[in-house]
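Before any comments, here is the structure.
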Amino acid sequence: MCIFTFLYTSLYNCIHAQTSENDIYMFSYFTGNGEDGLHLAYSLDGHRWFSLNNDSSYLKPQIGKDKLMRDPSIVQDEKGIFHMVWTTGWWDQGIGYASSPDLIHWSEQKNIPVMESFKGVKNSWAPELFYDRTEQVFYIFWASTIPGMFPEVPTSESEKGLNHRQFYVTTKDFKTFSETNIFFDPGFSVIDGSILEKEGKYYLFVKNENSDPPEKNIRFISNDKPYDFPVITSDPITGNYWAEGPAPLQVGEYVYVYFDKYRDHTYGAVRSNDMIIWEDVSDIISFPKGVRHGTAFKVSEAIFEKLKSK
């Protein structure tokens, strides 16, 4: 056994001995433009993340105009089934969906035509899943631009005509869906929503996408239910850099929010133990090279061991 392997194995065993069965943290992500499909990484402490499957794809995209699998969002229901949605293309009106019992074997991919009833829709970006375990209902929300639907905001030349708002549907079985409605309209161009449930409250993290002058930062809002969020957001919780794709995760006493520093081609994070004061901890986290916008969640040790053995 080489020295590196010995040290890594010892570190893994040491940390693993201190974690409970449900404390295996997972991160779903894509690389490049999304043509390669679903990638997975894991962490035992929320700081150091390691790719699985030799950083190879677990699922190749097969649907959408561009056949992409960007922004994969995964949640697990009370029966143990994992559900995933993703961005299928830059200018599609639907989103992708598939399910899996183990994150390895996946169902047939299907398109959910979430914006087909609206005229002139430009896009359906970064869909996110939230599972309300009390009501046993899934919320799917994403960003779309519908020209003329909202007051225009100043935009840069490269983003001319894009003025996003968050839309959503609900479902219990991914076969029938509610009508598409507005999920969140804060009065600015908004994308990349994600929800964290903590001690009976729901926190919605979003990216302010305004481009002139550029914002490109992460903010959040809290509520006592996972919908009808107040329209007034917090101040930015990220620093003087462009950030997107917030992925919240409870790790011990802290809530971490991981995000893509997409201009810097790296990942960052902030954390808080009171949901008021946020500390930038980008310098103490590490992700596999090339990680792009994903979501963080937990899996059982049994699921993790199966993934690791593959």
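The values are calculated or read from the model by the stated rules, or taken from the named source; none is laboratory data. Worth saying up front: this structure is predicted, and the values here are computed from it rather than measured. Using ideal geometry, Cβ is built from the backbone for each residue, glycine included, and neighbour counts are taken over all protein chains shown. To get the accessible areas, we keep the full protein, side chains included, count just its heavy atoms, and leave off ligands, DNA and RNA. Shrake-Rupley method; radii C 1.70, N 1.55, O 1.52, S 1.80 Å.
Among the residues of the stretch 147-156, is there at least one that is open to solvent by less than 20 Å² (accessible area, probe 1.4 Å) and in contact with an Asp or Glu (Cβ under 8 Å, 6 or more places away or on another chain)? Checking the stretch 147-156: not a single residue is open to solvent by less than 20 Å² (accessible area, probe 1.4 Å) and in contact with an Asp or Glu (Cβ under 8 Å, 6 or more places away or on another chain). In the stretch 223-270, of all residues being in contact with a Gly (Cβ under 8 Å, 6 or more places away or on another chain) and of a type in the set (Asp, Glu), the one that is most open to solvent (accessible area, probe 1.4 Å) corresponds to 224. Of the strands (runs of 3 or more DSSP E) that lie entirely inside the stretch 1-98, those containing 1 or more residues that are modelled with pLDDT of 95 or more, out of contact with any helix residue (DSSP H, G or I) (no Cβ under 7 Å at 6 or more places or on another chain) and over 25 Å from residue 124 (Cα atoms) span 24-30, 39-43. In the stretch 163-177, the residues that are touching a residue at least 12 places away in the same chain (Cβ under 8 Å) form Cβ pairs under 8 Å with partners that are of a type in the set (D, E, K, R), at six or more places apart or across chains, as follows: 163/152; 164/209; 165/185; 166/185; 169/179. The criterion of being surrounded by fewer than 16 Cβ atoms within 10 Å (Cβ to Cβ) and under 22 Å from residue 75 (Cα atoms) does not hold for residue 289. Residues that are modelled with pLDDT of 95 or more and not in a loop (DSSP other than H, G, I, E, B) do occur in the stretch 226-245. Evaluate the stretch 43-52: report whether one residue or more is of a type in the set (D, E, K, R), under 29 Å from residue 184 (Cα atoms) and either surrounded by 15 or more Cβ atoms within 10 Å (Cβ to Cβ) or touching a strand residue (DSSP E or B) at 6+ places or on another chain (Cβ under 8 Å) (or both). Within the stretch 43-52, none of the residues are of a type in the set (D, E, K, R), under 29 Å from residue 184 (Cα atoms) and either surrounded by 15 or more Cβ atoms within 10 Å (Cβ to Cβ) or touching a strand residue (DSSP E or B) at 6+ places or on another chain (Cβ under 8 Å) (or both).
Does any residue of the stretch 107-114 turn out to be without any contact (Cβ under 8 Å) to a residue 24 or more places away in the chain, in contact with a strand residue (DSSP E or B) (Cβ under 8 Å, 6 or more places away or on another chain) and part of a loop (DSSP other than H, G, I, E, B)? For the stretch 107-114, residues without any contact (Cβ under 8 Å) to a residue 24 or more places away in the chain, in contact with a strand residue (DSSP E or B) (Cβ under 8 Å, 6 or more places away or on another chain) and part of a loop (DSSP other than H, G, I, E, B): present.
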